[in-house]
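To start, the structure under review is shown below, and the notes come after it.
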Amino acid sequence: MSRLVVLVGPTASGKTSLGAALAERLGGEVVSADAFAVYRGLDIGTAKPARELRARVPHHLIDVADPATRYSAGAFVRDADSAIADIGHRGRVPVIVGGTHFYVRALLWGLFPEPDKDAGLRAELESAWARDPGAVRARLAALDPTAAARIDPNDRQRTLRALEVCVVAGRPMTELWREHAGRGPRYKFVMFGLNPPRADLHATIASRVNGMFAAGLLDEVEGLLAGGLSPRVHALKAIGYRESCRVLAGELTVPKAVQMATEATRQLAKRQLTWLRAETAVHWLAGQLDEVLAQAIARVEDGGGTGTGAV
């Protein structure tokens, strides 16, 4: 069973830099666990690692999917398993880096066997969403508050599926996940988490969003749309891309889009931290890059922190 080094944390917390530094020090390679960095052509708004960094440290599962299709957690587990096996066969260390914690959980613990889909119920839920998304979100919050807290309010598909599971199974999806995780992990792992001070994180988020628009995010989106990509595809629901689509449609000004994307990113970071704080396997790191790198390396070299508890 391969032993993984796993790095998690909210968006803009410094995972990319630390993950690459860990891979360099450990003789490893990075496996990205980011639900939008998988898409080809979505570069600026997904904050993909710079090409120079990827040339120095091998990165896997970036630019592997067509943005016209929806990449799934199941596809991620399949592709990540393949990358991890390849890295291990070459005697190197897999370093999993990502902010899509649903992908990380699926990789470490497997996708739990969900109840069968109910076409009639799904049609009813879709109609309810079309009438009043807020009411649907409130219903999910009542049945499974943990799932409601971690799922983006704009993520129609995951909201409806979580609610469908609650109704069909008669139990919260979060409870089913916990039972599934109790069966043990698919890999041995040590998991590190980054959680910068809130003010610092918010400042980094604001700087990142402003930088993305300054670097040509609108031009990138305009090119994707000109190439035939529908603004309704899942890939363009990513923060920054959805606001850019509205700017190009004449619905938002650029300053308003920047403001909305910044606030949405802050909300995403808050949801990510809500989920991560419930994880029992995370070793939280604090300090500047050199300090957290030293902390992580010391624990890895000690052989401590192998994940065995529920995630």
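Would you confirm, using the coordinates I've provided, whether residue 133 is modelled with pLDDT of 90 or more, exposed (fewer than 14 other Cβ atoms within 10 Å of the Cβ) and either outside the structural domain of residue 10 (by TED's automatic domain parsing) or within 17 Å of residue 101 (Cα to Cα) (or both)?
Values: modelled with pLDDT of 90 or more: yes; exposed (fewer than 14 other Cβ atoms within 10 Å of the Cβ): no; either outside the structural domain of residue 10 (by TED's automatic domain parsing) or within 17 Å of residue 101 (Cα to Cα) (or both): yes.
It is false that residue 133 is modelled with pLDDT of 90 or more, exposed (fewer than 14 other Cβ atoms within 10 Å of the Cβ) and either outside the structural domain of residue 10 (by TED's automatic domain parsing) or within 17 Å of residue 101 (Cα to Cα) (or both).
With the condition kept exactly as written, say whether any residue in the stretch 12-24 is farther than 30 Å from residue 199 by Cβ and not in a helix (DSSP H, G or I). No; the residues of the stretch 12-24 include none that is farther than 30 Å from residue 199 by Cβ and not in a helix (DSSP H, G or I). Report, by residue number, each residue of the stretch 250-281 that is of a type in the set (A, V, I, L, M, F, W, C), surrounded by 14 or more Cβ atoms within 10 Å (Cβ to Cβ) and free of Cβ contacts under 8 Å to residues at least 60 places away in the same chain. Within the stretch 250-281, 252, 257, 258, 260, 261, 264 meet the criteria.
Which of the following residues is touching a helix residue (DSSP H, G or I) at 6+ places or on another chain (Cβ under 7 Å) and surrounded by 14 or more Cβ atoms within 10 Å (Cβ to Cβ): 41, 88, 19?
Details: 88 fails: touching a helix residue (DSSP H, G or I) at 6+ places or on another chain (Cβ under 7 Å); 19 fails: touching a helix residue (DSSP H, G or I) at 6+ places or on another chain (Cβ under 7 Å).
Being touching a helix residue (DSSP H, G or I) at 6+ places or on another chain (Cβ under 7 Å) and surrounded by 14 or more Cβ atoms within 10 Å (Cβ to Cβ) holds for just one of 41, 88, 19, which is 41.
Checked against (1) within 29 Å of residue 286 (Cα to Cα); (2) assigned to a helix (DSSP H, G or I); (3) hydrophobic (A, V, I, L, M, F, W, C), residue 160 meets all criteria but (1).
Pairing residues of the stretch 146-158 that are closer than 16 Å to residue 71 by Cβ with residues that are crowded, with 17+ Cβ neighbours inside 10 Å, at Cβ distances under 6 Å and at least 6 apart in sequence or on separate chains, gives 158/151. Of the listed requirements (1) under 24 Å from the mean Cα position of the chain (by Cα); (2) free of Cβ contacts under 8 Å to residues at least 60 places away in the same chain; (3) under 20 Å from residue 73 (Cα atoms), residue 133 misses just one: (3). Of all the criteria given as (1) more than 15 Å from the chain's Cα centre (by Cα); (2) over 20 Å from residue 296 (Cβ atoms), the one not satisfied by residue 84 is (2).
The values are calculated or read from the model by the stated rules, or taken from the named source; none is laboratory data. Not measured: the values here are computed from a predicted model. Please note: Cβ atoms are built from the backbone with ideal geometry, for glycine as well, and neighbour counts cover all protein chains shown.
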